[in-house]
Amino acid sequence: AQRVTQPEKLLSVFKGAPVELKCNYSYSGSPELFWYVQYSRQRLQLLLRHISRESIKGFTADLNKGETSFHLKKPFAQEEDSAMYYCALWLRGAQKLVFGQGTRLTINP
Amino acid sequence: EPEVTQTPSHQVTQMGQEVILRCVPISNHLYFYWYRQILGQKVEFLVSFYNNEISEKSEIFDDQFSVERPDGSNFTLKIRSTKLEDSAMYFCASSADRTNQPQHFGDGTRLSIL
């Protein structure tokens, strides 16, 4: 079954420290993965998509098919990074996104 | 930047009543979606819609739910007879095509069933 797992519901780091939000997926086909971010009282916003291999707001994510992971990383956390982060798998045939549970990231000053 | 807009932001309804949640997708998008998020749980897919038809629906999307694109701009989700367990945040999303184009989400409607 297609599934996205974010093992950490809560993650708290200090400003300036590295951040890694974990995401693992289960999917038999070629995965298309996304990270969405939801700042306080705002909409879900696309942060990254794996095919773009880009860096947004200092965040990067690399697809590791061997480990079925798509972890989100940032070398130096900033206070404005505090938000809810969702990893999502796009199921092309079913035309839907499957979301992980989300990780609430808190950056402490 | 164009946005998906949803109204109302918060809807309070008595159990058993009908409710309609409204969405205006991004104007050149062709694929429309509804997701919901029960408090403390993950975002779940409800339904996708293209060319005035439902493309896919989840097991959550039973006969109490329906979607419609009544005109060229609105996309609505109707719940015919609401239940307590329908209380959730409902998100509308749209995308330009059905490949891996990202879905753009609205702010959501918080539905509270009393």
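Heavy atoms of chains B and A lose about 2100 Å² of accessible surface on contact, summed over both sides with a 1.4 Å probe.
Diffusion coefficient of the protein assembly as shown by Stokes-Einstein, Kirkwood radius over Cα pairs, 37 °C, 0.692 mPa s: 182 µm²/s. Computed over the alpha-carbon atoms, the range A:1-56 gives an Rg to Rh ratio of 0.99, Rh here being the Kirkwood radius from the mean inverse distance. Of the trypsin sites (Lys or Arg not before Pro) found in the range A:1-39, those in coil by DSSP whose Cβ has at most 14 other Cβ atoms within 10 Å are A:Lys9, A:Lys15.
With both residues required to sit in the protein assembly as shown, DSSP beta bridges show an antiparallel share near 90%. With protein chains left intact and a 1.4 Å probe, residues in chain B average 50 Å² of accessible area per residue. Full extension of the chain between B:Gln64 and B:Leu84 gives 5.9 nm of extra length, using 0.36 nm per residue less the Cα-Cα distance. For A:Leu48, the residues 5 or more places off, or on other chains, whose built amide H falls under 5 Å of its own are A:Trp35. Calculate how many DSSP beta bridges within the range A:3-108 are antiparallel, expressed in % of all such bridges and rounded to the nearest 5. Percent antiparallel among DSSP bridges in the range A:3-108 is about 85. Ranked by solvent-accessible area (1.4 Å probe, protein heavy atoms only, all chains present), the residues B:Glu85, B:Glu1 order from largest to smallest as B:Glu1, B:Glu85. The dipole here belongs to the range B:5-113: it is taken about the Cα centre, uses +1 on the Cβ of Lys and Arg and -1 on the Cβ of Asp and Glu, and is about 220 debye. Taking all Cα pairs closer than 8 Å and separated by 6 or more residues, the relative contact order of chain A comes to 38 percent. Solvent-accessible area per residue in the range A:3-108 equals 49 Å², computed with a 1.4 angstrom probe and all protein chains kept.
Exposed loop positions in chain B were taken to be trypsin sites (Lys or Arg not before Pro) whose DSSP state is not H, G, I, E or B and which have at most 15 other beta-carbon atoms within 10 angstrom. Between these positions, the longest stretch is B:1-79. Name the longest site-free stretch of chain A, where the excluded sites are chymotrypsin sites (Phe, Trp or Tyr not before Pro) in a DSSP loop with no more than 13 other beta-carbon atoms within 10 Å. Excluding the exposed sites themselves, the longest stretch runs over A:1-38. Projecting the Cα positions of B:Leu46, B:Ser94, B:Gln6 onto the charge dipole of the range B:5-113 (unit charges on Cβ atoms of Lys, Arg, Asp and Glu, taken about the Cα centre) puts B:Gln6 furthest along the positive direction. Taking one quarter of the surface of the convex hull spanned by the alpha-carbon atoms of chain B gives a direction-averaged projected area of 6.9 nm². Here the accessible area of chain A is 49 percent carbon and sulfur, with a 1.4 angstrom probe and all protein chains present. Of A:Gly93, A:Gly16, A:Gly29, the residue with the greatest mean-square motion in the GNM of chain A, using alpha carbon springs below 10 Å, is A:Gly93.
Computed in the context of the full set of protein chains, the accessible area of chain B at 1.4 Å probe radius has 45% of its extent on carbon or sulfur. Hydrodynamic analysis of chain A uses the Kirkwood radius over alpha carbon pairs. Inserted into Stokes-Einstein at 4 °C and 1.567 mPa s, it gives a translational diffusion coefficient of 93 µm²/s.
The values are calculated or read from the model by the stated rules, or taken from the named source; none is laboratory data. Predicted model only: the values in this text are computed from it and were never measured. Cβ atoms come from the backbone with ideal geometry, glycine included; neighbour counts cover every protein chain shown. To get the accessible areas, we keep the full protein, side chains included, count just its heavy atoms, and leave off ligands, DNA and RNA. Shrake-Rupley method; radii C 1.70, N 1.55, O 1.52, S 1.80 Å.
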